[in-house]
Amino acid sequence: MLFDWLRKKKTPKKPERPKDPLAAFDQLIEDLERQGAEIRKSAATLLALRGDLARSEARYVKRLEELAKRRAQADEQGDAKISATLERDRLQAESLLNTTRESLNRAEQDGKLLLEAAADLGSRVAELRVERESASARLAVGGLVSTALQEQVERFEKVLAVDAARDEVERAHALADIYREERGETVKP
(Lines give C-alpha, C1' and ligand atoms only; values in the text may rest on other atoms or scores of the structure.)
Protein backbone atom coordinates (compact mmCIF):
# COMPACT_ATOMS: atom_id res chain seq x y z
CA MET A 1 0.00 0.00 0.00
CA LEU A 2 2.82 2.38 0.84
CA PHE A 3 4.49 1.71 -2.49
CA ASP A 4 1.24 2.28 -4.36
CA TRP A 5 0.82 5.58 -2.57
CA LEU A 6 4.42 6.58 -3.36
CA ARG A 7 3.99 5.59 -7.01
CA LYS A 8 0.86 7.72 -7.25
CA LYS A 9 2.67 10.55 -5.52
CA LYS A 10 5.63 10.36 -7.93
CA THR A 11 3.72 10.28 -11.18
CA PRO A 12 3.08 13.81 -12.31
CA LYS A 13 -0.47 14.67 -13.13
CA LYS A 14 -1.17 15.21 -16.77
CA PRO A 15 -2.33 18.73 -17.49
CA GLU A 16 -6.04 18.86 -18.10
CA ARG A 17 -7.16 19.58 -21.59
CA PRO A 18 -8.93 22.87 -21.79
CA LYS A 19 -12.64 22.49 -22.41
CA ASP A 20 -12.73 25.64 -24.51
CA PRO A 21 -11.08 25.03 -27.91
CA LEU A 22 -9.82 28.61 -28.00
CA ALA A 23 -8.15 28.06 -24.63
CA ALA A 24 -6.25 25.14 -26.20
CA PHE A 25 -5.00 27.49 -28.92
CA ASP A 26 -4.05 30.09 -26.32
CA GLN A 27 -2.20 27.52 -24.22
CA LEU A 28 -0.22 26.21 -27.20
CA ILE A 29 0.61 29.74 -28.37
CA GLU A 30 1.77 30.67 -24.87
CA ASP A 31 3.94 27.54 -24.64
CA LEU A 32 5.52 28.22 -28.03
CA GLU A 33 6.16 31.86 -27.15
CA ARG A 34 7.83 30.81 -23.90
CA GLN A 35 9.95 28.26 -25.77
CA GLY A 36 10.85 30.90 -28.38
CA ALA A 37 11.91 33.30 -25.63
CA GLU A 38 14.18 30.65 -24.11
CA ILE A 39 15.71 29.91 -27.51
CA ARG A 40 16.33 33.61 -28.20
CA LYS A 41 17.91 33.94 -24.74
CA SER A 42 20.22 31.01 -25.50
CA ALA A 43 21.09 32.50 -28.90
CA ALA A 44 21.93 35.82 -27.25
CA THR A 45 24.20 34.00 -24.81
CA LEU A 46 25.98 32.31 -27.71
CA LEU A 47 26.35 35.62 -29.52
CA ALA A 48 27.95 37.14 -26.42
CA LEU A 49 30.21 34.10 -26.12
CA ARG A 50 31.14 34.48 -29.77
CA GLY A 51 32.33 38.01 -29.06
CA ASP A 52 34.45 36.82 -26.13
CA LEU A 53 35.92 34.01 -28.22
CA ALA A 54 36.74 36.39 -31.08
CA ARG A 55 38.63 38.64 -28.64
CA SER A 56 40.46 35.59 -27.24
CA GLU A 57 41.36 34.48 -30.76
CA ALA A 58 42.84 37.90 -31.55
CA ARG A 59 44.76 37.85 -28.23
CA TYR A 60 46.26 34.39 -28.99
CA VAL A 61 47.21 35.41 -32.53
CA LYS A 62 48.96 38.49 -31.12
CA ARG A 63 50.67 36.35 -28.48
CA LEU A 64 51.92 33.92 -31.14
CA GLU A 65 53.36 36.80 -33.14
CA GLU A 66 55.09 38.13 -30.02
CA LEU A 67 56.44 34.67 -29.15
CA ALA A 68 57.76 34.23 -32.71
CA LYS A 69 59.65 37.56 -32.46
CA ARG A 70 61.08 36.71 -29.04
CA ARG A 71 62.14 33.25 -30.21
CA ALA A 72 63.85 34.72 -33.26
CA GLN A 73 65.79 37.02 -30.92
CA ALA A 74 66.69 34.12 -28.63
CA ASP A 75 67.86 32.09 -31.64
CA GLU A 76 70.02 35.03 -32.80
CA GLN A 77 71.57 35.28 -29.36
CA GLY A 78 72.02 31.49 -29.26
CA ASP A 79 70.09 31.06 -25.98
CA ALA A 80 68.72 27.50 -26.25
CA LYS A 81 66.95 27.50 -22.86
CA ILE A 82 64.91 30.59 -23.64
CA SER A 83 64.26 29.29 -27.15
CA ALA A 84 62.96 25.95 -25.76
CA THR A 85 60.76 27.76 -23.23
CA LEU A 86 59.38 30.03 -25.92
CA GLU A 87 58.70 26.99 -28.12
CA ARG A 88 56.65 25.40 -25.32
CA ASP A 89 54.78 28.68 -24.88
CA ARG A 90 54.15 28.80 -28.64
CA LEU A 91 52.79 25.24 -28.67
CA GLN A 92 50.53 26.06 -25.71
CA ALA A 93 49.31 29.27 -27.37
CA GLU A 94 48.63 27.41 -30.64
CA SER A 95 46.67 24.78 -28.74
CA LEU A 96 44.64 27.48 -27.03
CA LEU A 97 44.12 29.25 -30.37
CA ASN A 98 42.89 26.03 -32.02
CA THR A 99 40.55 25.29 -29.13
CA THR A 100 39.26 28.87 -29.23
CA ARG A 101 38.68 28.68 -33.00
CA GLU A 102 36.80 25.37 -32.61
CA SER A 103 34.67 26.87 -29.85
CA LEU A 104 34.06 29.99 -31.92
CA ASN A 105 33.02 27.90 -34.92
CA ARG A 106 30.68 25.80 -32.80
CA ALA A 107 29.19 28.88 -31.11
CA GLU A 108 28.51 30.44 -34.53
CA GLN A 109 26.87 27.25 -35.85
CA ASP A 110 24.79 26.75 -32.71
CA GLY A 111 23.80 30.43 -32.71
CA LYS A 112 22.61 30.19 -36.31
CA LEU A 113 20.70 27.01 -35.51
CA LEU A 114 19.02 28.61 -32.50
CA LEU A 115 18.12 31.75 -34.46
CA GLU A 116 16.58 29.58 -37.19
CA ALA A 117 14.64 27.63 -34.55
CA ALA A 118 13.41 30.90 -33.02
CA ALA A 119 12.32 32.13 -36.45
CA ASP A 120 10.50 28.84 -37.10
CA LEU A 121 8.73 29.08 -33.76
CA GLY A 122 7.82 32.70 -34.49
CA SER A 123 6.26 31.76 -37.81
CA ARG A 124 4.45 28.82 -36.15
CA VAL A 125 3.05 31.17 -33.50
CA ALA A 126 1.91 33.57 -36.23
CA GLU A 127 0.18 30.71 -38.07
CA LEU A 128 -1.49 29.57 -34.85
CA ARG A 129 -2.71 33.09 -34.12
CA VAL A 130 -4.31 33.27 -37.57
CA GLU A 131 -5.80 29.81 -37.08
CA ARG A 132 -7.08 30.84 -33.64
CA GLU A 133 -8.77 33.93 -35.06
CA SER A 134 -10.37 31.79 -37.75
CA ALA A 135 -11.51 29.25 -35.16
CA SER A 136 -12.88 32.06 -33.00
CA ALA A 137 -14.88 33.41 -35.93
CA ARG A 138 -16.15 29.94 -36.83
CA LEU A 139 -17.16 29.30 -33.22
CA ALA A 140 -19.00 32.62 -33.07
CA VAL A 141 -20.83 31.86 -36.32
CA GLY A 142 -21.49 28.33 -35.14
CA GLY A 143 -22.97 29.72 -31.93
CA LEU A 144 -25.23 32.04 -33.89
CA VAL A 145 -26.32 29.22 -36.18
CA SER A 146 -26.93 26.96 -33.17
CA THR A 147 -29.02 29.66 -31.52
CA ALA A 148 -31.02 30.19 -34.70
CA LEU A 149 -31.52 26.45 -35.11
CA GLN A 150 -32.56 26.13 -31.48
CA GLU A 151 -35.13 28.89 -31.96
CA GLN A 152 -36.36 27.14 -35.10
CA VAL A 153 -36.66 23.85 -33.20
CA GLU A 154 -38.57 25.60 -30.42
CA ARG A 155 -40.99 27.14 -32.98
CA PHE A 156 -41.39 23.75 -34.64
CA GLU A 157 -42.13 22.17 -31.26
CA LYS A 158 -44.76 24.85 -30.62
CA VAL A 159 -46.35 24.16 -34.01
CA LEU A 160 -46.37 20.44 -33.23
CA ALA A 161 -47.92 21.15 -29.84
CA VAL A 162 -50.66 23.26 -31.48
CA ASP A 163 -51.27 20.51 -34.05
CA ALA A 164 -51.47 17.95 -31.25
CA ALA A 165 -53.95 20.17 -29.40
CA ARG A 166 -56.06 20.51 -32.59
CA ASP A 167 -55.99 16.75 -33.02
CA GLU A 168 -57.06 16.33 -29.41
CA VAL A 169 -59.92 18.81 -29.88
CA GLU A 170 -61.02 16.98 -33.06
CA ARG A 171 -60.90 13.68 -31.21
CA ALA A 172 -62.95 15.13 -28.37
CA HIS A 173 -65.56 16.41 -30.84
CA ALA A 174 -65.64 13.06 -32.62
CA LEU A 175 -66.06 11.26 -29.32
CA ALA A 176 -68.85 13.64 -28.33
CA ASP A 177 -70.54 13.04 -31.70
CA ILE A 178 -70.32 9.27 -31.22
CA TYR A 179 -71.74 9.59 -27.71
CA ARG A 180 -74.64 11.73 -28.96
CA GLU A 181 -75.44 9.29 -31.74
CA GLU A 182 -75.58 6.47 -29.24
CA ARG A 183 -78.01 8.45 -27.12
CA GLY A 184 -80.06 9.30 -30.16
CA GLU A 185 -79.49 13.01 -30.10
CA THR A 186 -79.02 15.03 -33.22
CA VAL A 187 -75.88 17.00 -33.79
CA LYS A 188 -76.36 20.73 -33.82
CA PRO A 189 -74.35 22.55 -36.47
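The values are calculated or read from the model by the stated rules, or taken from the named source; none is laboratory data. Keep in mind that what you see is a predicted model, and the values were worked out from it rather than measured. Note that we place each Cβ from the backbone using ideal geometry, even for glycine, and neighbour counts take in every protein chain shown. Surface accessibility is based on the protein's heavy atoms, side chains included, excluding ligands, DNA and RNA. Shrake-Rupley method; radii C 1.70, N 1.55, O 1.52, S 1.80 Å.
Numbers for the structure displayed
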quantity	calculated
Pairs with Cβ under 7 Å, 6+ apart, first in the stretch 79-94 and part of a helix (DSSP H, G or I), second loosely packed, with under 14 Cβ neighbours inside 10 Å and among the charged types (D, E, K, R)	Ser83/Asp75
Options Ser123, Ser95, Ser103: the member that is closer than 30 Å to Leu139 by Cα and not acidic (Asp, Glu)	Ser123
Unmet criterion (only one of (1) farther than 30 Å from Arg34 by Cα; (2) open to solvent by less than 50 Å² (accessible area, probe 1.4 Å); (3) at pLDDT 80 or above) for Arg171	(2)
Qualifying residue in the stretch 53-74 (condition: open to solvent by less than 70 Å² (accessible area, probe 1.4 Å), at pLDDT 85 or above and not in a helix (DSSP H, G or I))	no
Odd one out for Gly184, checked against (1) on the phi > 0 side of the Ramachandran plot; (2) open to solvent by 90 Å² or more (accessible area, probe 1.4 Å)	(2)
Residue in the stretch 84-106 that is nearest to the chain's Cα centre (by Cα), counting only those that are at pLDDT 90 or above, surrounded by 13 or more Cβ atoms within 10 Å (Cβ to Cβ) and among the aliphatic types (A, V, I, L, M)	Leu104
Residues satisfying the stated conditions in the stretch 28-71, i.e. acidic (Asp, Glu) and either touching a Gly at 6+ places or on another chain (Cβ under 7 Å) or touching a residue at least 40 places away in the same chain (Cβ under 8 Å) (or both)	Glu33, Glu57
